[in-house]
1. Label points 7 Å out from Cα along the Cβ direction at Thr71 and Ser302: separation in nm?
2. With every protein chain present, what accessible area does Met75 have (1.4 Å probe, heavy atoms only), rounded to the nearest 10 Å²?
3. Considering the zone a paramagnetic label at Thr2 would reach in this model (a point 7 Å from Cα along the Cα-to-Cβ line), which residues of segment 160-199 have amide N under 18 Å from it?
4. If you rank Ser165, Ser298 by how much accessible surface each has, with a 1.4 Å probe, what is the order from largest down?
5. Can you spot the aspartates and glutamates whose alpha carbon is less than 20 Å from Lys194's alpha carbon? Ignore those fewer than 8 places along the same chain.
6. If you fit an axis through the alpha-carbon atoms of helix 172-187 and take the longest principal axis of the Cα set of the chain, what angle between them do you get, 0 to 90°, nearest 10?
7. I need the GluC sites (Glu not before Pro) found in segment 111-170, filtered to DSSP loop residues with at most 13 other beta carbons within 10 Å of theirs.
8. Just the number, please: percent antiparallel of the DSSP beta bridges in segment 111-264, rounded to the nearest 5.
Amino acid sequence: MTAPVTVAIYVGDDCWGGLALLAREGFAIAGTLHARNADLRASELFRVRLVALDAAPVRSFTGPVLQPELTLGEMPAPQVVIVPPFYLPMAARAPIAPALAGWLLQVHANGALIVGMAGGMRLLAETGLLDGREVTGNRSDQRVFARHYPEVRFTPDAPLLIDGSIISAGSVNPCLDACSYLVSHFYGAAAAHKFSRYTNTVTQPTYERVAIRNTALKQHGDQRIRQAQEYIERCFKQDLTVESAAQRSAMSVRNFSRRFQHAVGMPPHIYIARCRGEYAKELLAQPGLSILQVALQSGFRSEPMLRRTFGQLFGMSPSAYRASAAARPGPMASAASGGQSASRL
C-alpha cells in the first residue's frame, strides 16, 4: 500500500481552530469514503499533523486550546502545508516569526504544496512565496495586499485559486474545495468526486469544480500556462477567446498556443470548450433550465453551438446527457467525459 500523503497544518494563537480541524477531518473522510472502511487508520490517505513553533498549547481565536502534535523541526518533510485563517483585523502588516518563514520557504523549496485559507494568506505573503502569483483571500484584506504586498496579484472575488504549488481559498466552502483538489491531485478524480459529494452542500455548479476536474491537465512545469488555465477556468462563461487569454499571458497568440499545446496536450480553444462543456453538464443535471439557457450560461453563443461541441467532447447530445443524469440517484459522475476525443473540435 502507498504511504499516506503527509500534511502539516500550522496552528498558532488566534488561528481559526474550527477550519484547521475541518481540514483534518475532511482528509479522514476522504480516506474512509475511498476505502469504504470506517477504520481511520486502515483507510488513511493523508497523515495529518498539527504543527507549531513549539510544543506549547496554542489558543485559537475564540478560546479553545489546540495542542500541537509536532514542532516545525520535528515534522517530517510534508507534502502539503496548510495555513488556516488567522484573526488579523488590523490593516497593518502582521510579521511572522523568522523560524516560521524559514520553514515555509524550505518545505516549499522541497516540493510541498502550500494551501492558504482566507486570512492565512497574510502569513504566507510575509514569506515572499506569493510574489508574482495570483491568490485569493478575505475581501477585507484587499487594501492590505495593495499597500504591503504589491507584488502579489490579489483577487478576492475568486473563491479558490490554484497557482502552481500555491493554493488559496477565500472562505469556508472553498476550503473544502481546496481539500477536494488535493484529494484529486494525489489520488485521482474518482476519490475527489466521492469526497465532494459527501462534503459539499453547494447545489449550484461552481468554476472551482471545473478546475478540480482539470487537475490532471496541470501536472506540468509551465507556470505561466497554469495561470492561463486558471484564468480560463474562471472566465469561460464570458466572451473569452484564445486571443484574450494570450494577451493576458503577455504572449503572442502563436507562442501562447504552441506553449499551451506542449504543456497541456491540447490547444487552448479546446480547453475553453472543455470548461464550458463540463459546466454545461452540471447545469443539465439540474431541472428547470432549457437547453438554450444552459448554452448561454455556459458561455456558448447559441444552442446549436452547445449541441455540436457537447457531442464532440462527450459523445452524446445534451438532451441524452440530461436523461441519463435524471436516471441516476445522485449527481452524475464525470465518466461521460471519456467520450469521443476533443481533438475533433
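1. It is 6.9 nm.
2. Spelled out: Met75, probe radius 1.4 Å, area about 20 Å².
3. 179-196
4. The residues order as Ser165, Ser298, largest area first.
5. Answer for Lys194, where 20 Å is the Cα cut-off: Glu25, Asp39, Glu44, Asp177, Glu208, Glu278, Glu282, listed by chain and number.
6. Helix 172-187 and the main axis of the chain meet at about 80 degrees.
7. Those that pass, being in a loop and sparsely packed, are Glu151.
8. The antiparallel fraction comes to roughly 40 percent.
The values are calculated or read from the model by the stated rules, or taken from the named source; none is laboratory data. Bear in mind that the values here come from a model prediction, so they are computed numbers and not experimental data. Methodologically, a virtual Cβ is constructed for each residue, glycine included, from the backbone with ideal geometry; neighbour enumeration extends over all protein chains shown. When the accessible area is computed, the model is the full protein with side chains, heavy atoms only, and any ligands, DNA or RNA have been set aside. Shrake-Rupley method; radii C 1.70, N 1.55, O 1.52, S 1.80 Å.
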